[in-house]
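To keep things clear, I will list the structure first and then write my remarks on it.
The values are calculated or read from the model by the stated rules, or taken from the named source; none is laboratory data. None of the values given here were measured: they were computed from a predicted structure. Note that we place each Cβ from the backbone using ideal geometry, even for glycine, and neighbour counts take in every protein chain shown.
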Amino acid sequence: MTRLRILLNGTVQGVGFRPFVYRTARTLGLKGYVTNDTGGVVIEVEGAKAKLDDFLLKLHTEKPPLAKIYYEERAYVEPAGYDDFRIEESISTGPPHALILPDISTCGDCTGELLDPDDRRYLYPFINCTNCGPRFTIIKGLPYDRPNTTMKDFHMCPACENEYKDPDNRRFHAQPNACPECGPNVRLVGKDGAPVTGKMDAITSLMEKITSGAIVAVKGIGGFHLICDATSNESVRLLRERKGRTEKPFAVMFRDMEQLKRYALPDVMEESLLLSPARPVVIVRKKQRTLPEVSPRLEKIGAFLPYSPLHLIILAGLENPVVATSGNISDEPIVRDNAEALDRLSQLADFIMLHNRPIHRRCDDSVVKVVGEFPQVIRRSRGHVPLPVVLPFSLDKKVLAVGAHEKNTVAIGFDNRIILSQHIGDMETPESIEYFEEVIDGLSSIYEFTPDVIVHDLHPRYSTTRWAIQQDRAEIIGVQHHYAHILSCMAENGIYDEVTGISWDGTGYGEDGTLWGGEFLACNTGGFQRRYHFRQIRLLGGEKAVREPRRIALAVLFDIFNEGALEMDIPTLRAFDRRELSLLWLAYNRNINTPVSSSVGRLFDALSSLLGILQICSYEAQAAMLVEDLYDPGVRDSYGYELNNGIIDWEPLFRDLLEDSETNKAPSRFLNTLALIALNVALLEGREKVCLSGGVFQNSPLTSLISGKLQAEGFRVFTHKNIPANDGGISLGQALYGGMNP
Ligand code: ZN
Ligand code: ZN
Ligand code: FE
């Protein structure tokens, strides 16, 4: 017996959806209820797993013709012991404005019209209807009516007006409704802002620029993209040079699934994610030797399909797929306005395609990866935001959570919901702080929200922490980073009692002022205890060590072999010159600038340096991504480790690794060892529920190894699906804590 809670958003109200759910559940003998919520439909069904699977299938294949599901959250929770199935009264907690939907990719009907030469919207880049189009990014205020959107200044022509007023029309009350007669339009300019003139129309001319190797900036739904021909190594290298981005992978947009499959190998689940209405970037395996410049050294690429009419038109007219990456200068937020584009993107793009439908809220593309058996949202933005995480109780306080430092998101919590913001990014620049404030103001104004409490990370130097403690309008509290990760996993899975939290990531500030990241915590919603953690590694050179796996490995070697390490003939030592080595030995010996960290991310770094996989990172978590690609499920054995007084010692692991002659099996043995450690500590701890959170759990083989081992021993394991395991999910955990704890 299990209970499944499903939250659906989309056109699921007023289309006969609840009666359909009622009939289906009764036929299958399931118990529970269905209700309308201000955010959509909430279903709880209880019964045997096989019946629940049947139910889910029918939900999607047999739903009423007008019902479209844009977004679905599922959680398996403890059975509640329902005795029948009921249609319950609508819940109208929270004001109706919770109905704001995310931006939805162009629907099949609109795509058909867009490509139909006889349609009045043939090749019109702003076609949309009630089932698709922008929402979140164009809404300025509530209620959601045209005057409250950035479509306010476009007056519908009679033909559009008729559609808008006709209840039988697909465009009945479609707020962004428009056509070539009355709606927005595009134009192409050079980097100096001067219009590109000629016989061709703007879009044809843009295609021609892309084909001839140019880098172009294109205004889309939630901001600008930088676009170039993905198959032209020269163009991609030029884009890397201009963006100052040496190896970090770029996302690639493909015309359709057929074209995508010429370059990549999506499995069934990845294919359905690619085609889902949110149209996220999906991490998929690429075919060997294809698109080498797009994701250097990796076996995977971020792929996605066109989601706006403008993308559909552009891709339909091009031979090749394109790189489509966020239009920004590194570490700055995605560019939104025309003027901003001319100012900032002219440094990066040769031509800029502008349009005159203003973007009110920036929103980057979302990124999803299949981790183990489940899709996991890695960057939760367009297509997902601002849909709430619904709680089974009401929060005591209205809470604003400011998130962490990297991959920042913020969250607001009130009533029974927590709303996470779109991806804001790394908080490295004044521009990102401005964006952060813009997002907080935007969420606060649309939900008429004023916080009782503001929650921040404990790290005193995070700009988000500094921002929070300067506020004098609410109570201010700090929540430890790794505890916030586990709380976020608990909130996503509806777990509110005792759990063992395995919180592994790159870095986070611990309660003792050292850096944590390899933690086993005993948690409930009221607090946590640090029970076990990895032996600390000294970061030679502080921050610098985080970008240089060779420094991490060297510190490990110094710890194990002292000065003898300097004589070793292995890739780590060869990555330095003699002078650097003696300076680092000195620094190590005298403890100069060598903060310590218990992070699992650093273990991946040490491993990759010792094996000669990577000595200096060109982007965050690169070592972990390379190691993931090298995992071989056929390798079952592992290395040693020791447990002493709550410390997990990696010394036996690295000693075994250094003696391992089968270096191609080392990455697998390393991951197997981590899984064994997770299992054995969970057994010592004994709590039945185990939550896995932190960026390390984006690693697919590791996450499924650990889940599998724990489940085989009878543990109930909870991982992330709709909320990022990385620091993008921190704000949810913070909000839960702040909203629940007086
Ligand atoms: Zn449509
Ligand atoms: Zn019109
Ligand atoms: Fe973290």
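Looking at this structure, is ARG382 modelled with pLDDT of 95 or more and in contact with a Phe, Trp or Tyr (Cβ under 7 Å, 6 or more places away or on another chain)? No; evaluated as a whole, the condition is false for this residue.
Filter the stretch 501-524 down to the residues that are of a type in the set (Val, Ile, Thr) and within 24 Å of the chain's Cα centre (by Cα), then identify the one that is nearest to ligand 2 (Cβ to nearest atom). It would help to see each step written out before you state the result.
Restricting attention to the stretch 501-524, the residues satisfying the condition of being of a type in the set (Val, Ile, Thr) are 502, 507, 514.
Going one step further and asking which of them are within 24 Å of the chain's Cα centre (by Cα), we end up with 502, 507.
Details: ILE502: 55, THR507: 53 Å.
For the stretch 501-524, the residue satisfying everything is THR507.
Listed conditions (1) within 16 Å of ligand 1 (Cβ to nearest atom); (2) among the acidic types (Asp, Glu); (3) not in a loop (DSSP other than H, G, I, E, B) are all met by GLU161, apart from (1).
As a summary of the residue check, GLN470 satisfies the conditions (1) more than 21 Å from ARG379 (Cα to Cα); (2) in contact (Cβ under 8 Å) with a residue 40 or more places away in the chain except for the one numbered (2). Scanning the stretch 297-306 turns up no residue that is farther than 25 Å from ASP153 by Cβ and assigned to a helix (DSSP H, G or I).
Given the criteria over 18 Å from ILE314 (Cβ atoms), within 16 Å of ligand 2 (Cβ to nearest atom) and either surrounded by fewer than 24 Cβ atoms within 10 Å (Cβ to Cβ) or of a type in the set (Phe, Trp, Tyr) (or both), does CYS129 qualify? Can you show your working first?
Details: over 18 Å from ILE314 (Cβ atoms): yes; within 16 Å of ligand 2 (Cβ to nearest atom): yes; either surrounded by fewer than 24 Cβ atoms within 10 Å (Cβ to Cβ) or of a type in the set (Phe, Trp, Tyr) (or both): yes.
Spelling it out, CYS129 is indeed over 18 Å from ILE314 (Cβ atoms), within 16 Å of ligand 2 (Cβ to nearest atom) and either surrounded by fewer than 24 Cβ atoms within 10 Å (Cβ to Cβ) or of a type in the set (Phe, Trp, Tyr) (or both).
Residue-wise test of (1) of a type in the set (Asp, Glu); (2) within 16 Å of ligand 1 (Cβ to nearest atom); (3) under 25 Å from VAL627 (Cα atoms); (4) not in a loop (DSSP other than H, G, I, E, B).
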residue: LEU684; (1), (2), (3), (4): no, no, no, yes
residue: CYS691; (1), (2), (3), (4): no, no, yes, yes
residue: THR703; (1), (2), (3), (4): no, no, yes, yes
residue: GLN711; (1), (2), (3), (4): no, no, yes, yes
residue: LYS721; (1), (2), (3), (4): no, no, yes, no
residue: GLY733; (1), (2), (3), (4): no, no, no, yes
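When the stretch 195-210 is limited to residues that are touching a Ser or Thr at 6+ places or on another chain (Cβ under 9 Å) and in contact (Cβ under 8 Å) with a residue 24 or more places away in the chain, the one that is surrounded by the most Cβ atoms within 10 Å (Cβ to Cβ) turns out to be ILE210. When the criteria are applied in full, GLY183 meets the requirement of being under 30 Å from SER346 (Cα atoms), of a type in the set (Gly, Ala, Ser) and either within 16 Å of ligand 1 (Cβ to nearest atom) or not in a loop (DSSP other than H, G, I, E, B) (or both).
Of all residues in the stretch 481-517 being more than 11 Å from ligand 3 (Cβ to nearest atom) and polar (S, T, N, Q), which is nearest to HIS405 (Cα to Cα)? The residue in question is THR514. When ASP192, ASP119, ASP166 are screened for being farther than 30 Å from PRO388 by Cα, away from ligand 2 (no atom under 12 Å from the Cβ), in contact (Cβ under 8 Å) with a residue 40 or more places away in the chain and not hydrophobic (A, V, I, L, M, F, W, C), only ASP192 passes. Out of ILE495, ILE476, ILE454, ILE446, one residue alone is without any contact (Cβ under 8 Å) to a residue 60 or more places away in the chain, farther than 24 Å from PHE604 by Cβ and not basic (Lys, Arg). It is ILE476.
If you check VAL499, VAL479, which single one turns out to be closer than 30 Å to GLU688 by Cα and surrounded by fewer than 24 Cβ atoms within 10 Å (Cβ to Cβ)? Lay out the reasoning, then the answer.
Working: VAL499 fails: surrounded by fewer than 24 Cβ atoms within 10 Å (Cβ to Cβ).
So the residue among VAL499, VAL479 that is closer than 30 Å to GLU688 by Cα and surrounded by fewer than 24 Cβ atoms within 10 Å (Cβ to Cβ) is VAL479.
Answer yes if at least one residue in the stretch 374-389 is assigned to a loop (DSSP other than H, G, I, E, B) and surrounded by fewer than 19 Cβ atoms within 10 Å (Cβ to Cβ), and no otherwise. No, because not a single residue in the stretch 374-389 is assigned to a loop (DSSP other than H, G, I, E, B) and surrounded by fewer than 19 Cβ atoms within 10 Å (Cβ to Cβ).
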